[in-house]
Every structure is written in C-alpha cells, then in structure tokens.
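Novice: Take a look at the following structure, please.
The values are calculated or read from the model by the stated rules, or taken from the named source; none is laboratory data. Treat the numbers as computed from the prediction; the structure is a model and nothing was measured. Note that each Cβ is placed from the backbone with ideal geometry, even for glycine, and that neighbours are counted across all protein chains shown. Each accessible area value is taken on the protein alone, full model and side chains, heavy atoms only, with ligands, DNA and RNA left out. Shrake-Rupley method; radii C 1.70, N 1.55, O 1.52, S 1.80 Å.
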Amino acid sequence: MTLHDTQRDRLLRTIEWARETERHLAAVRARHVGQVHFRPASTGIAMIGLLPDRPQRGKSSITALAQLATHFEAQFSAHCVDCEHGRPTPEKRLQSRLIAEAYRHDRRLLPLAAPDIASPLIFITDELALPVDGGRIVCDLLALSGDRPVILELKPSRAKKRLVEQVTHYAALVEAHLTLFGELCSVILGRELTLRAPCERWIVWPAASGHERDPQEDALAELGIRVVGYEEADQGFAFRVGRDVAAAGPV
C-alpha cells in the first residue's frame, strides 16, 4: 500500500466515525453547546472538553458511541471536569475558546472574521492526523471559507519557519485528497459539498508587541499564508486578522 493509499484509508475511516458521531451524539452536543467537542478519528472518536479552566481535557479512542450518549453526564464529568488537568497552555486555551465560540454560533468562527471575508469561516474539526514519511502530521483546525478548505495552525510562539512548513504541508495533503475532505465536511455539516482548491493557509500566533500590523504579514502573504495575531485579554482572546493573501505586494 502506498503512502497516498494509507492516507486515503485513514480519511475514509475518519469519515465513517464522523458519520457515527452525528448519528449518536449530535443531540448531546446541542444540549451542551460550547462545552464539549466530539472529534472523529480513524479508530473512534475523542470526547474533548472546552471548559476554560480545563481546555482540551477528555478521552480518546471511544467506539461505544450509543453508550456514551446514554451515560454522557458521568463520562464528561470523569474525563473533562473532575480530572487532573495541569496548567492549561495558551495553545490549548486558544483552541478550546475558538471551538466553543464556533459551536455557540452555528460553527462560525466569528472571532476570525474580517471585512474582506464574505462570510465567516466554518469550523469542521481539529487535530486530524494523517501519516506522512517519517511519522504523521496534524492540523490544529480544519475550516471552510465558502467552498474552499482552510487549514489553521495555532501556536503560542512566533516560530515562523516551523509554522510555514506545517501549514503548507498539510494544505498540500488536503488538496491531494480534496474529494474525501469534501465528504468529511459534508457528513459533519449535514449538506452536500464539493470543495475546490487551493486550500487556504492561516497561521494564528501571538501578536507582535508594539505593532498595530504584524511585521511578518507581507512576507507570509507572499507565501500564500494569512496571519492572525492574538492577545489574551480578560480571560479571553483578542484577534487581529491580517490582510487577504490575494492582495499580495506592498501596502
């Protein structure tokens, strides 16, 4: 089996678990909107808590979805509330905050809205891992902008080289499996979608101190990457969305 075939098999199994998630757990998620996220994977699903003081705590490799729906309250308390949680990292807090806000607004990522975006990004899923040469690659957030897929990398540091490599590599994988990613989006959103390339690439990292505009915005735009700077404020986050990468060139 080639690497491409292995990636395809992983995606097909993830799609099936996404379908089972919507069948068994959509009502549970609606009753606890903004508190829990069910993340499909190739071997089952993960139940992920979105609580501010315990971001991204949960349980993975769940396969008994009907049983989880029946005993959700106890399972959620055990794995997402009454659990050892350590010190929440900025990245986990940011990820949980964005996902929670998306669920509260029909999956729209309103904090990342910008005047040049016709409609807000639509959250699909997160932490979707695919095999690559030498290991695996994971996207922090998968979203949609109209009928284009969007990969967002969230990081607590301004590690430009690493982030560019990650977001570029994963976007290429999405484009290589565009039909299957379209099927995954269709299952999760409950409507038929046909995606088109290119896949948008976004980096979300700490805002540059003392700058109204990110000093890396133009350089990243030339690479086809949109940049968002964030700051923590009042137990939440404030965002500055950079310009559309289609407007490349000096401002």
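Novice: When region 1-33 is examined, which residues are found to be of a type in the set (V, I, T) and either within 17 Å of D106 (Cβ to Cβ) or in a helix (DSSP H, G or I) (or both)? Reasoning before the result, please.
Specialist: Let us first name the residues in region 1-33 that are of a type in the set (V, I, T), namely 2, 6, 14-15, 21, 28, 33.
Matches in region 1-33: T6, T14, I15, T21, V28, V33.
Novice: Looking only at residues that are within 22 Å of A30 (Cβ to Cβ) and touching a residue at least 60 places away in the same chain (Cβ under 8 Å) in region 99-121, which one is surrounded by the fewest Cβ atoms within 10 Å (Cβ to Cβ)?
Specialist: Once the filter is applied, the top-ranked residue is R104.
Novice: Which residue pairs have Cβ atoms under 7 Å apart, sit 6 or more places apart or on different chains, and have a first residue in region 57-84 that is farther than 21 Å from A41 by Cα and in contact (Cβ under 8 Å) with a residue 24 or more places away in the chain and a second that is surrounded by 11 or more Cβ atoms within 10 Å (Cβ to Cβ) and among the aliphatic types (A, V, I, L, M)?
Specialist: Note: pairs meeting the criteria are V81/L51.
Novice: Would you confirm, using the coordinates I've provided, whether L51 is in a helix (DSSP H, G or I) and either in contact (Cβ under 8 Å) with a residue 12 or more places away in the chain or open to solvent by 10 Å² or more (accessible area, probe 1.4 Å) (or both)? Steps first, please.
Specialist: On the way: in a helix (DSSP H, G or I): no; either in contact (Cβ under 8 Å) with a residue 12 or more places away in the chain or open to solvent by 10 Å² or more (accessible area, probe 1.4 Å) (or both): yes.
In short, no.
Novice: Look at I124 and say whether it is under 26 Å from E192 (Cβ atoms), open to solvent by less than 40 Å² (accessible area, probe 1.4 Å), touching a Pro at 6+ places or on another chain (Cβ under 9 Å) and β-branched (V, I, T). It would help to see each step written out before you state the result.
Specialist: Details: under 26 Å from E192 (Cβ atoms): yes; open to solvent by less than 40 Å² (accessible area, probe 1.4 Å): yes; touching a Pro at 6+ places or on another chain (Cβ under 9 Å): yes; β-branched (V, I, T): yes.
Criteria met by I124.
Novice: Determine which single condition A69 fails, assuming it passes every other condition in (1) open to solvent by 20 Å² or more (accessible area, probe 1.4 Å); (2) out of contact with any His (no Cβ under 9 Å at 6 or more places or on another chain).
Specialist: (2) is the only condition that A69 fails.
Novice: Just a yes or no: is a residue in region 211-227 among the basic types (K, R) and more than 14 Å from S145 (Cβ to Cβ)?
Specialist: yes
Novice: Read through the list (1) over 18 Å from L128 (Cα atoms); (2) open to solvent by 20 Å² or more (accessible area, probe 1.4 Å); (3) at pLDDT 95 or above, then give the number of the only condition that L189 fails.
Specialist: (1)
Novice: Give the residue that is nearest to A30 (Cα to Cα), with candidates limited to residues of region 193-212 that are open to solvent by 60 Å² or more (accessible area, probe 1.4 Å) and under 20 Å from the mean Cα position of the chain (by Cα). Step through it out loud before you land on a result.
Specialist: Let us first name the residues in region 193-212 that are open to solvent by 60 Å² or more (accessible area, probe 1.4 Å), namely 194, 196, 198, 209-212.
Still in the running and under 20 Å from the mean Cα position of the chain (by Cα): 194, 196, 198.
On the way: T194: 26, R196: 30, P198: 32 Å.
The residue in question is T194.
Novice: Follow-up. Out of (1) part of a strand (DSSP E or B); (2) crowded, with 18+ Cβ neighbours inside 10 Å, what's the single condition that is false for S61?
Specialist: Of the numbered conditions (1) part of a strand (DSSP E or B); (2) crowded, with 18+ Cβ neighbours inside 10 Å, the odd one out for S61 is (2).
Novice: Considering region 106-145 alone, what residues qualify as being of a type in the set (G, A, S) and either under 14 Å from the mean Cα position of the chain (by Cα) or over 23 Å from L12 (Cα atoms) (or both)? Spell out how you get there, then give the answer.
Specialist: Of the residues in region 106-145, the ones of a type in the set (G, A, S) are 113-114, 118-119, 129, 134-135, 143, 145.
If the condition is that a residue be of a type in the set (G, A, S) and either under 14 Å from the mean Cα position of the chain (by Cα) or over 23 Å from L12 (Cα atoms) (or both), then A113, A114, A118, S119, A129, A143, S145 are the ones that fit.
Novice: Among the residues of region 1-47 satisfying the criterion of being basic (K, R) and within 28 Å of E73 (Cβ to Cβ), which is surrounded by the most Cβ atoms within 10 Å (Cβ to Cβ)?
Specialist: Looking only at region 1-47, we keep the residues that are basic (K, R), and these are 8, 10, 13, 19, 23, 29, 31, 39.
If we keep only those that are within 28 Å of E73 (Cβ to Cβ) too, we end up with 19, 23, 29, 31, 39.
On the way: R19: 16, R23: 13, R29: 17, R31: 10, R39: 22.
Checking each candidate, the answer is R39.
Novice: Would you check which residues across region 160-176 are over 19 Å from F239 (Cβ atoms) and open to solvent by 10 Å² or more (accessible area, probe 1.4 Å) and list them?
Specialist: Applying the first criterion (over 19 Å from F239 (Cβ atoms)) to region 160-176 yields 161-162, 164-166, 168-176.
Within region 160-176, K161, R162, V164, E165, Q166, T168, H169, A172, L173, E175, A176 meet the criteria.
Novice: Between residues in region 131-155 that are farther than 17 Å from L184 by Cβ and residues that are open to solvent by 40 Å² or more (accessible area, probe 1.4 Å) and not in a loop (DSSP other than H, G, I, E, B), which pairs lie under 7 Å by C-beta distance while being six or more apart or on different chains?
Specialist: D133/L3; E153/Q166; L154/E91; K155/E91
Novice: Give me the pairs, please: first residue somewhere in region 208-221 and farther than 14 Å from V245 by Cα, second residue anywhere and of a type in the set (G, A, S) and open to solvent by less than 60 Å² (accessible area, probe 1.4 Å), beta-carbon distance under 8 Å, and either six or more positions apart or on two chains.
Specialist: A208/G229; R213/G242; P215/A208
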